[in-house]
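Chemist: Let me give you the structure first, and then I'll get to my questions.
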Amino acid sequence: MSTITRRSRLHRKEHQAALVFVAIPVTGFLLFTLFPLLFSVYASFTNWNGISAPVFKGLDNYTKMFGDRYFLKSLWNTLYMMIGIPLGLVISLALALAMNRKMRGTTFFRTVYYLPVISSIAAVAILWQWAFNGDFGLINQGLGLLGIDGPNWLQDTATVKPALIIMAVWKGLGYSMLLYLAALQSVPRYLYEAAALDGASAWQQFRHITIPMVRPVTFFLIVTSIIGGSQIFVEINIMTPTGGPEFESASIVWYIWQKAFDNLQMGYASAMSVVLGLLVFTITFIQFRLNRRNQFSID
(Lines give C-alpha, C1' and ligand atoms only; values in the text may rest on other atoms or scores of the structure.)
Protein backbone atom coordinates (compact mmCIF):
# COMPACT_ATOMS: atom_id res chain seq x y z
CA MET A 1 0.00 0.00 0.00
CA SER A 2 2.89 2.30 0.84
CA THR A 3 4.47 1.54 -2.53
CA ILE A 4 1.28 2.53 -4.35
CA THR A 5 1.09 5.73 -2.31
CA ARG A 6 4.69 6.64 -3.16
CA ARG A 7 4.02 6.01 -6.85
CA SER A 8 0.87 8.12 -6.68
CA ARG A 9 2.79 11.00 -5.08
CA LEU A 10 5.59 10.68 -7.64
CA HIS A 11 3.07 10.67 -10.47
CA ARG A 12 1.38 13.75 -9.01
CA LYS A 13 4.71 15.60 -8.79
CA GLU A 14 5.64 14.66 -12.36
CA HIS A 15 2.22 15.79 -13.53
CA GLN A 16 2.61 19.14 -11.76
CA ALA A 17 6.09 19.63 -13.18
CA ALA A 18 4.80 18.82 -16.66
CA LEU A 19 2.03 21.39 -16.28
CA VAL A 20 4.58 24.05 -15.30
CA PHE A 21 6.71 23.33 -18.38
CA VAL A 22 3.66 23.32 -20.67
CA ALA A 23 2.26 26.50 -19.10
CA ILE A 24 5.32 28.56 -20.02
CA PRO A 25 5.02 28.31 -23.85
CA VAL A 26 1.21 28.33 -23.70
CA THR A 27 1.25 31.53 -21.65
CA GLY A 28 3.75 33.07 -24.05
CA PHE A 29 1.54 32.12 -27.00
CA LEU A 30 -1.55 33.61 -25.38
CA LEU A 31 0.16 36.86 -24.34
CA PHE A 32 2.40 37.52 -27.33
CA THR A 33 0.56 35.89 -30.24
CA LEU A 34 -3.14 35.16 -29.76
CA PHE A 35 -4.08 38.27 -27.77
CA PRO A 36 -2.20 40.71 -30.08
CA LEU A 37 -3.76 38.99 -33.09
CA LEU A 38 -7.30 39.30 -31.75
CA PHE A 39 -6.73 42.85 -30.59
CA SER A 40 -5.29 43.80 -33.99
CA VAL A 41 -8.44 42.50 -35.69
CA TYR A 42 -10.56 44.54 -33.27
CA ALA A 43 -8.37 47.64 -33.72
CA SER A 44 -8.76 47.39 -37.50
CA PHE A 45 -12.41 48.45 -37.05
CA THR A 46 -11.53 51.48 -34.93
CA ASN A 47 -9.96 54.90 -35.13
CA TRP A 48 -7.07 54.52 -32.71
CA ASN A 49 -3.81 56.42 -32.29
CA GLY A 50 -2.24 54.05 -29.78
CA ILE A 51 -2.68 56.48 -26.89
CA SER A 52 -6.33 57.35 -26.43
CA ALA A 53 -9.19 54.85 -26.33
CA PRO A 54 -10.17 53.25 -29.66
CA VAL A 55 -13.30 54.62 -31.32
CA PHE A 56 -15.30 52.06 -33.32
CA LYS A 57 -15.62 53.05 -37.00
CA GLY A 58 -16.88 49.87 -38.63
CA LEU A 59 -15.46 49.22 -42.09
CA ASP A 60 -14.13 52.76 -42.61
CA ASN A 61 -10.48 51.65 -42.51
CA TYR A 62 -11.08 48.94 -45.10
CA THR A 63 -12.95 51.19 -47.51
CA LYS A 64 -10.25 53.84 -47.09
CA MET A 65 -7.52 51.28 -47.72
CA PHE A 66 -8.63 50.23 -51.18
CA GLY A 67 -8.85 53.87 -52.21
CA ASP A 68 -5.37 54.59 -50.87
CA ARG A 69 -2.95 54.67 -53.80
CA TYR A 70 0.04 54.38 -51.48
CA PHE A 71 -1.34 51.16 -50.02
CA LEU A 72 -1.91 49.73 -53.50
CA LYS A 73 1.52 50.92 -54.60
CA SER A 74 3.27 49.33 -51.63
CA LEU A 75 1.34 46.09 -52.14
CA TRP A 76 2.40 46.04 -55.80
CA ASN A 77 6.02 46.75 -54.83
CA THR A 78 5.97 43.82 -52.41
CA LEU A 79 4.59 41.46 -55.05
CA TYR A 80 7.08 42.75 -57.64
CA MET A 81 10.06 42.13 -55.38
CA MET A 82 8.98 38.50 -55.05
CA ILE A 83 10.35 38.02 -58.56
CA GLY A 84 13.53 37.28 -56.66
CA ILE A 85 12.03 34.05 -55.30
CA PRO A 86 12.16 31.98 -58.52
CA LEU A 87 15.47 33.59 -59.46
CA GLY A 88 16.95 32.61 -56.12
CA LEU A 89 15.61 29.06 -56.37
CA VAL A 90 17.11 28.53 -59.84
CA ILE A 91 20.51 29.91 -58.83
CA SER A 92 20.61 28.03 -55.53
CA LEU A 93 19.70 24.74 -57.25
CA ALA A 94 22.49 25.30 -59.77
CA LEU A 95 24.93 25.98 -56.94
CA ALA A 96 23.73 22.89 -55.07
CA LEU A 97 24.32 20.75 -58.17
CA ALA A 98 27.83 22.16 -58.39
CA MET A 99 28.52 21.63 -54.68
CA ASN A 100 27.21 18.06 -54.92
CA ARG A 101 30.15 17.05 -57.10
CA LYS A 102 33.29 15.50 -55.67
CA MET A 103 35.88 18.23 -55.99
CA ARG A 104 38.28 20.09 -53.79
CA GLY A 105 37.13 23.14 -51.85
CA THR A 106 33.42 22.31 -51.65
CA THR A 107 33.36 22.73 -47.85
CA PHE A 108 34.97 26.15 -48.17
CA PHE A 109 32.49 27.31 -50.79
CA ARG A 110 29.53 25.99 -48.81
CA THR A 111 30.69 28.05 -45.85
CA VAL A 112 31.21 31.17 -47.97
CA TYR A 113 27.76 30.91 -49.53
CA TYR A 114 26.15 30.42 -46.13
CA LEU A 115 27.84 33.37 -44.41
CA PRO A 116 25.28 35.97 -45.65
CA VAL A 117 22.47 33.88 -44.14
CA ILE A 118 23.85 34.14 -40.60
CA SER A 119 24.95 37.75 -41.01
CA SER A 120 22.90 40.57 -39.49
CA ILE A 121 20.30 41.84 -41.94
CA ALA A 122 21.03 45.41 -40.83
CA ALA A 123 24.75 44.97 -41.55
CA VAL A 124 23.99 43.38 -44.91
CA ALA A 125 21.63 46.23 -45.84
CA ILE A 126 24.25 48.85 -44.93
CA LEU A 127 26.86 46.96 -46.97
CA TRP A 128 24.64 46.85 -50.05
CA GLN A 129 23.59 50.47 -49.57
CA TRP A 130 27.26 51.37 -49.92
CA ALA A 131 27.73 48.99 -52.86
CA PHE A 132 24.78 50.56 -54.71
CA ASN A 133 25.88 54.14 -54.07
CA GLY A 134 25.75 56.04 -57.36
CA ASP A 135 28.93 58.06 -56.73
CA PHE A 136 31.44 55.73 -55.06
CA GLY A 137 29.66 52.37 -54.83
CA LEU A 138 31.55 49.18 -55.57
CA ILE A 139 29.14 48.10 -58.31
CA ASN A 140 29.41 51.33 -60.28
CA GLN A 141 33.18 51.28 -59.88
CA GLY A 142 33.24 47.81 -61.41
CA LEU A 143 30.95 48.94 -64.23
CA GLY A 144 33.23 51.95 -64.76
CA LEU A 145 36.16 49.62 -65.44
CA LEU A 146 34.10 48.21 -68.30
CA GLY A 147 33.30 51.68 -69.63
CA ILE A 148 29.70 51.60 -68.38
CA ASP A 149 28.23 54.57 -66.54
CA GLY A 150 26.27 52.95 -63.73
CA PRO A 151 22.98 54.41 -62.48
CA ASN A 152 22.20 55.79 -59.05
CA TRP A 153 20.68 52.48 -58.07
CA LEU A 154 18.68 53.41 -54.99
CA GLN A 155 17.56 56.84 -56.25
CA ASP A 156 16.32 55.78 -59.70
CA THR A 157 12.77 54.51 -60.13
CA ALA A 158 13.93 52.01 -62.76
CA THR A 159 16.65 50.39 -60.67
CA VAL A 160 15.64 50.63 -56.99
CA LYS A 161 13.49 47.49 -56.99
CA PRO A 162 15.99 45.40 -59.02
CA ALA A 163 18.70 46.51 -56.57
CA LEU A 164 16.66 45.28 -53.61
CA ILE A 165 15.92 42.02 -55.43
CA ILE A 166 19.63 41.45 -56.05
CA MET A 167 20.41 41.99 -52.38
CA ALA A 168 17.61 39.67 -51.22
CA VAL A 169 18.63 36.89 -53.63
CA TRP A 170 22.27 37.17 -52.56
CA LYS A 171 21.39 36.93 -48.87
CA GLY A 172 19.12 33.89 -49.24
CA LEU A 173 21.24 31.83 -51.64
CA GLY A 174 23.18 29.96 -48.96
CA TYR A 175 20.08 28.78 -47.11
CA SER A 176 18.30 27.55 -50.24
CA MET A 177 21.49 25.97 -51.58
CA LEU A 178 22.05 24.03 -48.35
CA LEU A 179 18.52 22.60 -48.38
CA TYR A 180 18.79 21.67 -52.05
CA LEU A 181 22.17 20.07 -51.40
CA ALA A 182 20.70 17.92 -48.62
CA ALA A 183 17.84 16.91 -50.94
CA LEU A 184 20.21 16.01 -53.77
CA GLN A 185 22.34 13.86 -51.49
CA SER A 186 19.24 11.93 -50.40
CA VAL A 187 18.24 10.98 -53.97
CA PRO A 188 18.85 7.22 -54.43
CA ARG A 189 21.75 6.60 -56.81
CA TYR A 190 20.05 3.61 -58.37
CA LEU A 191 17.50 5.94 -60.01
CA TYR A 192 20.26 7.61 -62.01
CA GLU A 193 21.95 4.30 -62.75
CA ALA A 194 18.72 2.78 -64.05
CA ALA A 195 18.02 5.88 -66.15
CA ALA A 196 21.54 5.79 -67.60
CA LEU A 197 21.11 2.12 -68.54
CA ASP A 198 17.89 3.07 -70.34
CA GLY A 199 19.80 5.68 -72.35
CA ALA A 200 18.54 8.81 -70.57
CA SER A 201 20.65 11.90 -71.16
CA ALA A 202 21.90 14.15 -68.35
CA TRP A 203 19.10 16.63 -69.07
CA GLN A 204 16.47 13.88 -69.01
CA GLN A 205 17.81 12.61 -65.67
CA PHE A 206 17.71 16.12 -64.26
CA ARG A 207 14.18 16.76 -65.54
CA HIS A 208 12.59 13.43 -64.62
CA ILE A 209 14.56 12.45 -61.50
CA THR A 210 16.26 15.43 -59.86
CA ILE A 211 13.47 17.99 -60.15
CA PRO A 212 10.70 15.66 -58.87
CA MET A 213 12.89 14.43 -56.00
CA VAL A 214 13.70 17.93 -54.78
CA ARG A 215 10.10 19.13 -55.18
CA PRO A 216 9.32 18.97 -51.42
CA VAL A 217 12.26 21.27 -50.74
CA THR A 218 11.14 23.58 -53.55
CA PHE A 219 7.64 23.70 -52.09
CA PHE A 220 8.99 24.49 -48.62
CA LEU A 221 11.24 27.25 -49.95
CA ILE A 222 8.46 28.83 -52.02
CA VAL A 223 6.07 28.92 -49.05
CA THR A 224 8.60 30.30 -46.57
CA SER A 225 10.00 32.77 -49.12
CA ILE A 226 6.56 34.20 -49.88
CA ILE A 227 5.81 34.54 -46.16
CA GLY A 228 9.20 36.16 -45.57
CA GLY A 229 9.02 38.30 -48.71
CA SER A 230 5.65 39.70 -47.71
CA GLN A 231 7.25 40.94 -44.46
CA ILE A 232 10.32 42.63 -45.96
CA PHE A 233 11.03 45.73 -43.90
CA VAL A 234 14.56 46.16 -42.51
CA GLU A 235 16.21 46.36 -45.93
CA ILE A 236 13.70 48.97 -47.11
CA ASN A 237 13.99 51.06 -43.96
CA ILE A 238 17.79 51.15 -44.12
CA MET A 239 18.49 51.34 -47.84
CA THR A 240 15.56 53.58 -48.83
CA PRO A 241 14.24 55.11 -45.57
CA THR A 242 11.71 57.34 -47.35
CA GLY A 243 10.21 54.57 -49.47
CA GLY A 244 12.49 55.21 -52.41
CA PRO A 245 11.99 57.58 -55.35
CA GLU A 246 8.29 58.09 -56.01
CA PHE A 247 7.46 55.42 -53.41
CA GLU A 248 8.95 52.75 -55.70
CA SER A 249 10.59 50.66 -52.97
CA ALA A 250 8.01 50.95 -50.19
CA SER A 251 6.86 47.50 -49.08
CA ILE A 252 3.49 46.84 -47.49
CA VAL A 253 5.05 46.21 -44.04
CA TRP A 254 7.11 49.41 -44.33
CA TYR A 255 3.93 51.35 -45.14
CA ILE A 256 2.11 49.71 -42.21
CA TRP A 257 4.96 50.71 -39.91
CA GLN A 258 4.93 54.28 -41.27
CA LYS A 259 1.19 54.65 -40.68
CA ALA A 260 1.34 53.06 -37.22
CA PHE A 261 4.40 54.73 -35.71
CA ASP A 262 4.99 57.85 -37.80
CA ASN A 263 1.38 58.92 -38.29
CA LEU A 264 -0.08 57.14 -35.21
CA GLN A 265 -2.88 55.64 -37.32
CA MET A 266 -2.88 52.34 -35.43
CA GLY A 267 -6.38 51.36 -36.48
CA TYR A 268 -5.64 51.88 -40.16
CA ALA A 269 -2.32 50.04 -39.84
CA SER A 270 -4.11 47.14 -38.13
CA ALA A 271 -6.58 46.93 -41.02
CA MET A 272 -3.73 46.71 -43.52
CA SER A 273 -2.08 44.04 -41.37
CA VAL A 274 -5.27 41.98 -41.38
CA VAL A 275 -5.55 42.21 -45.17
CA LEU A 276 -1.89 41.25 -45.56
CA GLY A 277 -2.34 38.26 -43.26
CA LEU A 278 -5.40 37.09 -45.22
CA LEU A 279 -3.53 37.42 -48.52
CA VAL A 280 -0.57 35.39 -47.25
CA PHE A 281 -2.90 32.76 -45.77
CA THR A 282 -4.84 32.46 -49.03
CA ILE A 283 -1.69 32.11 -51.15
CA THR A 284 -0.24 29.53 -48.74
CA PHE A 285 -3.51 27.56 -48.69
CA ILE A 286 -3.59 27.45 -52.50
CA GLN A 287 0.02 26.27 -52.58
CA PHE A 288 -0.71 23.44 -50.15
CA ARG A 289 -3.70 22.38 -52.25
CA LEU A 290 -1.66 22.39 -55.45
CA ASN A 291 1.21 20.53 -53.78
CA ARG A 292 -1.15 17.83 -52.54
CA ARG A 293 -2.11 17.05 -56.13
CA ASN A 294 1.54 16.69 -57.14
CA GLN A 295 2.64 14.37 -54.35
CA PHE A 296 4.32 11.11 -55.29
CA SER A 297 6.18 8.28 -53.59
CA ILE A 298 8.89 5.79 -54.47
CA ASP A 299 8.37 2.16 -53.44
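The values are calculated or read from the model by the stated rules, or taken from the named source; none is laboratory data. Treat the numbers as computed from the prediction; the structure is a model and nothing was measured. Positions of Cβ are generated from backbone atoms using ideal geometry, with glycine treated the same way; all protein chains shown enter the neighbour counts. The accessibility values were calculated without ligands, DNA or RNA, using every heavy atom of the protein model including side chains. Shrake-Rupley method; radii C 1.70, N 1.55, O 1.52, S 1.80 Å.
Chemist: Given an 8 Å cut-off on Cα distances and at least 6 residues of separation, report the relative contact order of the chain as a percent.
Modeler: For the chain, the relative contact order is 28 percent.
Chemist: Something else: When only Cα pairs under 8 Å and 6 or more residues apart are kept, what is the percent relative contact order across the range 232-282?
Modeler: The value is 25 percent.
Chemist: Which value in deg cm²/dmol, rounded to the nearest 500, describes the helix-derived mean residue ellipticity at 222 nm for the chain, given -39,500 (n - 2.57) per DSSP H run of n ≥ 4 and division by the residue count?
Modeler: -21000 deg cm²/dmol
Chemist: Measuring from centroid to centroid over Cα atoms, what is the spacing of the range 100-157 and the range 27-48 in Å?
Modeler: The two parts, judged by their Cα centres, are 39 Å apart.
Chemist: Please compute the alpha carbon radius of gyration of the range 109-226, then divide it by the globular-protein estimate 2.2 N^0.38 Å. Two decimals is fine.
Modeler: Taking N as the residue count of the range 109-226, the ratio is 1.45.
Chemist: Taking the Cα centre as origin and putting +1 on Lys and Arg beta-carbons and -1 on Asp and Glu beta-carbons, what dipole magnitude results for the range 30-144, to the nearest 20 debye?
Modeler: So the dipole magnitude of the range 30-144 works out to roughly 460 debye.
Chemist: To continue, here is another question. Among LEU19, LEU197, LEU93, which one shows the highest mean-square fluctuation when the chain is modelled as a Gaussian network with alpha-carbon springs under 10 Å?
Modeler: Per the Cα network of the chain with a 10 Å cutoff, LEU19 tops the list.
Chemist: Does the chain come out rounded, prolate or oblate by the C-alpha gyration tensor, with a ≥ b ≥ c the root eigenvalues, rounded set by a/c under 1.5 and, if not, prolate when a/b is larger than b/c and oblate if not?
Modeler: Note, shape of the chain comes out oblate.
Chemist: Take the solvent-accessible surface of the protein heavy atoms, probe 1.4 Å, and return the percent of it on the chain that carbon and sulfur atoms account for.
Modeler: 66 percent
Chemist: Please state the relative contact order of the range 153-242 as a whole percent: Cα pairs under 8 Å, 6+ residues apart?
Modeler: 33 percent
Chemist: Send over a whole-number figure in Å² for the accessible area per residue of the chain, probe 1.4 Å.
Modeler: Using a 1.4 Å probe on heavy atoms only, each residue of the chain averages 62 Å².
Chemist: Sorted by packing (mean other beta-carbon atoms within 10 Å per residue), highest first, where do 181-188, 48-55, 27-34 land?
Modeler: Result, highest mean Cβ count within 10 Å first: 181-188, 48-55, 27-34.
Chemist: Something else: About its Cα centre, how strong a charge dipole does the range 150-219 have in debye, to the nearest 20, once Lys and Arg get +1 and Asp and Glu get -1 at the Cβ?
Modeler: 140 debye
Chemist: Taking only pairs that are 8 or more places apart or on different chains, how many Lys pairs in the chain have Cα atoms under 20 angstrom apart?
Modeler: So the count works out to 6.
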